[in-house]
1. Being more than 22 Å from Cys15 (Cα to Cα) and free of Cβ contacts under 8 Å to residues at least 60 places away in the same chain: is that true of Ala136 here?
2. Kindly provide the set of residues from the stretch 43-60 that are of a type in the set (A, V, I, L, M) and either in contact with a Gly (Cβ under 6 Å, 6 or more places away or on another chain) or under 11 Å from Thr33 (Cβ atoms) (or both), ordered by number.
3. Mind listing whichever residues of the stretch 82-102 are assigned to a loop (DSSP other than H, G, I, E, B) and more than 25 Å from Lys52 (Cα to Cα)?
4. Kindly indicate the residue of the stretch 1-41 that is in contact with a Pro (Cβ under 9 Å, 6 or more places away or on another chain), aromatic (Phe, Trp, Tyr) and surrounded by fewer than 20 Cβ atoms within 10 Å (Cβ to Cβ) and also modelled with the lowest pLDDT among those meeting that condition.
5. Residues of the stretch 103-141 being under 21 Å from Asp86 (Cβ atoms), part of a loop (DSSP other than H, G, I, E, B) and at pLDDT 95 or above, which ones?
6. Output the qualifying pairs, or none if there are none: Cβ atoms under 6 angstrom, residues six or more apart or on different chains, first residue in the stretch 84-96 and free of Cβ contacts under 8 Å to residues at least 24 places away in the same chain, second residue surrounded by 15 or more Cβ atoms within 10 Å (Cβ to Cβ) and assigned to a loop (DSSP other than H, G, I, E, B).
7. Would you call Ala97 buried (at least 20 other Cβ atoms within 10 Å of the Cβ) and of a type in the set (A, V, I, L, M)?
8. Name the pairs: first residue in the stretch 18-33 and under 15 Å from Leu132 (Cβ atoms) and touching a residue at least 60 places away in the same chain (Cβ under 8 Å), second residue assigned to a helix (DSSP H, G or I) and among the small types (Gly, Ala, Ser), Cβ to Cβ under 6 Å, at least 6 apart or on different chains?
Amino acid sequence: MPSPEAAATHPCAFCEIAAHRSPAYFLYEDTDTMAILDIFPFTRGHFLVIPKEHSVRLTDMSEAGQLALVRTLDLMLRRTSRLAPDYNLALNAGRAAGQVVFHVHFHVIPRYGEANPFQVRHRVPLEEKEALRVVAELSPP
């Protein structure tokens, strides 16, 4: 059964990005998934892995969609080592869990030894110059 937020959130920001109607810094894209930089990153290189098909929660997705998402997640986690050896992987499912965009997505947050990035604080918008550097670092060799 779809989650309570599913009906009220379509079209959404990630669907617009998947359709290339809204801008994003793409790190990876295939027919089913994409990886993009978070525009309000917790740390340098914070990015999102997202299915193109709209689903609010992982449990709303088909098994094939979940597998495609995990394949992309695996690929991008391996690339993350170019930025830092350590990272956080986060999935927020539902409003009470901190989900803000109601389209399933994983956060990959490279860690550089800083304090807990999840503490409430002001997040600085991503600047284009920095975004382009990170895209270059995480692109295929």
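The values are calculated or read from the model by the stated rules, or taken from the named source; none is laboratory data. The model shown is predicted, which means the values in this text are computed figures rather than measured ones. When we count neighbours, we look across all protein chains shown, and the Cβ atoms used for this are built from the backbone with ideal geometry, even at glycine.
1. So Ala136 fits the description; yes.
2. The answer is Leu48, Val49, Ile50.
3. The answer is Arg82, Leu83, Ala84, Pro85.
4. That would be Phe40.
5. His105
6. Filtered contacts from the stretch 84-96: Asn92/Gln99.
7. no
8. Tyr25/Ala131
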